[in-house]
Amino acid sequence: MIEVETQAHHANVPPLHLLKAEQLPTSRSAVTGLMNQRTADALRTVLAIPPHESDRRAWAAVDAALACLTPPVASARYTDAERKSVPEDLYEEHDLFFGAVRVTGNPVETFTYTMLESLRSQLGDAIAAGISLSSGERAQLRESFWTTFHGLWRMGVAGTPFESAAQVHTWGTGTELDDTTSDPLTRWRLGHQVFFALIQALIVSVGCLHEYLKDDPDDVDGACRLIEDATVLMIGSGTSMRYAGDFTSTHYTDSVRPAMMPPFINAKFSGLQVRDHRILLKLLNRVKPLLATPAPAVDKSYRQLLDAMSTAYDAHIAVCSRFGGDRESSLRTPGSKVPAAEILERFRTRRIGAATPVCPMAAVR
């Protein structure tokens with residue numbers, strides 16, 4: 001096995017600190033019970049700025065919000081039980097390549113830190129190096145983060161003593177961000193960090209949805225709100241892939257793809273090594289039986305979530321195809337006659353089918 005630690009640690013990319021997926025706050029009771037004043041202050045600070053504000057002002061608000069929180073310091077490794085619960089696939093190698101550092105800490109505060117840290121890196125990169133995403137795609141990315149912040153506030157702060165005590169911390173100006181030349185490998189890594197953060201946000205949202213459907217099935221409005229949040233996050237996750245691939249195909253061929261191959265990394269390196277994504281799929285599978293006879297409003301909202309899931313896969317397929325994946329095999333299956341994009345299309349069909357409840361739901365459009 002190739003030693004990749006030195007290569008990954010020298011990458012020009014800020015780290016993203018994440019909890020292991022099993023430690024995320026996946027219930028209302030967890031969000032409420034683990035909320036603290038630091039997190040409430042951070043949420044109030046970032047929510048004080050409208051999501052349509054400039055990247056520079058948003059970066060300043062996010063930076064001020066991060067300063068409210070205690071930075072994670074304790075690293076975490078997977079236990080034997082955790083490795084057995086999800087098939088082993090060199091998850092640490094994948095994390096290391098993309099600058100993801102698994103940590104422990106208060107689940108709500110650490111998850112909030114992850115979201116803010118990822119957003120700050122993305123905004124900083126957009127300001128310094130520029131991005132070519134459309135205004136609509138930029139709005140999708142921003143909305144996905146703000147949806148998470150609003151959800152945490154709604155479940156953990158609103159109506160509690162934290163709300164009245166929460167304070168907006170002073171923002172800087174963001175003028176310390178200098179223009180830089182875009183580095184494709186940095187953009188690739190930061191885009192994947194955004195994807196990882198949004199997958200964790202989806203795990204929290206879907207976990208809370210499971211609790212709603214199981215413990216309070218008559219709360220249709222609450223369930224619909226969580227499904228709508230998950231839909232925004234799912235769309236944002238697809239947009240994060242477009243952001244990750246916001247450079248030329250020549251840059252991908254010359255610098256990005258080789259960095260994900262031996263001698264720099266183990267063979268068959270792949271996005272399939274995202275352990276958190278597998279946890280999300282397992283959660284969706286747990287939700288599915290609870291939607292066998294849904295209320296009409298829940299049925300409609302969930303069909304929209306499945307549509308968004310298809311859209312997210314479409315975004316991934318489009319990026320893959322733009323970099324030659326419609327003709328070449330993936331790193332996962334070198335030498336295969338099946339193009340990488342076709343494999344992703346199969347995954348899309350299989351996973352959306354697996355997430356679709358066995359009930360009189362209308363077909364996914």
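The values are calculated or read from the model by the stated rules, or taken from the named source; none is laboratory data. Just so it is clear, the structure is predicted and the values come from calculations on it, not from any experiment. Because the Cβ atoms are built from the backbone with ideal geometry, glycine has one as well, and the counts that use them run over all protein chains shown. Remember, those area values only see protein heavy atoms, side chains included, never the ligands or the DNA or RNA. Shrake-Rupley method; radii C 1.70, N 1.55, O 1.52, S 1.80 Å.
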>> Can you give me the % of accessible surface on region 295-365 that is carbon or sulfur? Probe 1.4 Å, all protein chains present, nothing else counted.
In response: 56
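Classify region 218-288 as rounded, prolate or oblate, taking a ≥ b ≥ c as the square roots of the eigenvalues of its Cα gyration tensor: rounded when a/c is under 1.5, otherwise prolate if a/b is larger than b/c and oblate if not. Before the final figure, lay out each step's value.
Values: a/c = 6.38, a/b = 2.06, b/c = 3.10.
Oblate.
Heavy-atom accessible area per residue, region 209-262, 1.4 Å probe: how many Å²? Please report the intermediate quantities before stating the final value.
Details: 2210 Å² over 54 residues.
Result: 41 Å² per residue.
Output the DSSP H helices from the chain with an along-axis C-alpha extent of no less than 30 Å and a mean Kyte-Doolittle hydropathy no less than -1.0. Write out the running numbers ahead of the final one.
On the way: long enough: 107-129 (33 Å, 0.20); 135-156 (31 Å, -0.74); 184-215 (46 Å, 0.52); 220-244 (36 Å, 0.47); 296-320 (36 Å, 0.07).
Result, helices passing both filters: 107-129, 135-156, 184-215, 220-244, 296-320.
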> From the Cα gyration tensor of region 155-271, with a ≥ b ≥ c the square roots of its eigenvalues, which class applies: rounded if a/c is under 1.5, or else prolate if a/b is larger than b/c, or else oblate?
Replying inline: oblate
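Compute the length gained on full extension between T248 and S29: take 0.36 nm times their separation in residues and subtract their Cα-Cα distance, giving the result in nm to one decimal. Don't skip to the answer; put the middle values down first.
Values: separation 219, 0.36 × 219 = 78.84 nm, distance 4.57 nm.
Residue separation times 0.36 nm, minus the Cα-Cα distance, leaves 74.3 nm.
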>> I'd like the FRET efficiency for T70 and Q167, computed as 1/(1 + (r/R0)^6) with the beta carbon distance as r and R0 of 22 Å, rounded to 0.05.
In response: 0.85
> In terms of modelled amide H atoms, which long-range or inter-chain residues lie less than 5 Å from the amide H of L19?
Replying inline: V103
> Can you list the HN-Hα couplings for region 321-329, worked out from phi with the Karplus curve (6.51, -1.76, 1.60; θ = phi - 60°), rounded to whole Hz and with x for Gly and Pro?
Replying inline: 5, 4, 9, x, x, 7, 10, 9, 6
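Which value, in debye to the nearest 20, gives the size of the charge dipole of region 177-332 about its Cα centre, when Lys and Arg are +1 and Asp and Glu are -1 at the Cβ?
Values: 17 positive and 19 negative charges, 158 e Å.
In total the dipole reaches around 760 debye.
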>> What's the magnitude of the charge dipole for the chain around its Cα centre, counting Lys and Arg as +1 and Asp and Glu as -1 at the beta-carbon? Answer in Debye, nearest 20.
In response: 880
>> Using alpha carbons only, how many angstrom separate the centre of region 103-134 from the centre of region 263-329?
In response: 21
> Across region 160-166, in residue order, what do the Karplus-derived ³J(HN,Hα) couplings come to in whole Hz, using 6.51 cos²θ - 1.76 cosθ + 1.60 with θ = phi - 60° and x for Gly and Pro?
Replying inline: 10, x, 4, 5, 5, 8, 5
> Under the Karplus relation 6.51 cos²θ - 1.76 cosθ + 1.60, θ = phi - 60°, what is the ordered set of whole-Hz ³J(HN,Hα) values for region 253-269, x standing for Gly and Pro?
Replying inline: 5, 7, 10, 7, 4, x, 5, 9, 10, x, x, 7, 8, 5, 4, 6, 4
> Considering lysine pairs in the chain that are 8 or more places apart or on different chains, how many have Cα atoms under 18 Å apart?
Replying inline: 7
>> Is the C-alpha gyration tensor of region 252-305 telling us rounded, prolate or oblate? Criteria: a/c under 1.5 is rounded; beyond that, a/b larger than b/c is prolate, otherwise oblate.
In response: prolate
> What residues qualify as long-range amide H neighbours of A100, i.e. H under 5 Å apart, gap of 5 or more or another chain, H built at 1.01 Å from N?
Replying inline: L16
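Given R₀ = 25 Å, FRET efficiency for T79-K337 by Cβ-Cβ distance, to 0.05?
On the way: r = 39 Å, r/R0 = 1.58.
The pair T79/K337 has a calculated efficiency of 0.05.
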> What is the spread of the Cα atoms of the chain along each of their three principal axes, largest first, in whole Å?
Replying inline: 55, 54, 43
> What percentage of the solvent-accessible surface of region 169-264, computed with a 1.4 Å probe over protein heavy atoms, is contributed by carbon and sulfur atoms?
Replying inline: 52
> Using a simple spin-label model with points 7 Å from Cα along the Cα→Cβ vector, what separation in nm is obtained for S182 and K282?
Replying inline: 3.8
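Normalised by the residues of region 86-231, what does the relative contact order come to in percent, with Cα pairs under 8 Å and at least six apart?
Numbers: 63 pairs, mean separation 50.5, N = 146.
After rounding, I find 35 percent.
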> So what is the accessible area of region 20-106 per residue, in Å², with the probe set to 1.4 Å?
Replying inline: 42
> Quick one: accessible area per residue over region 115-202, 1.4 Å probe, rounded to a whole number of Å²?
Replying inline: 39
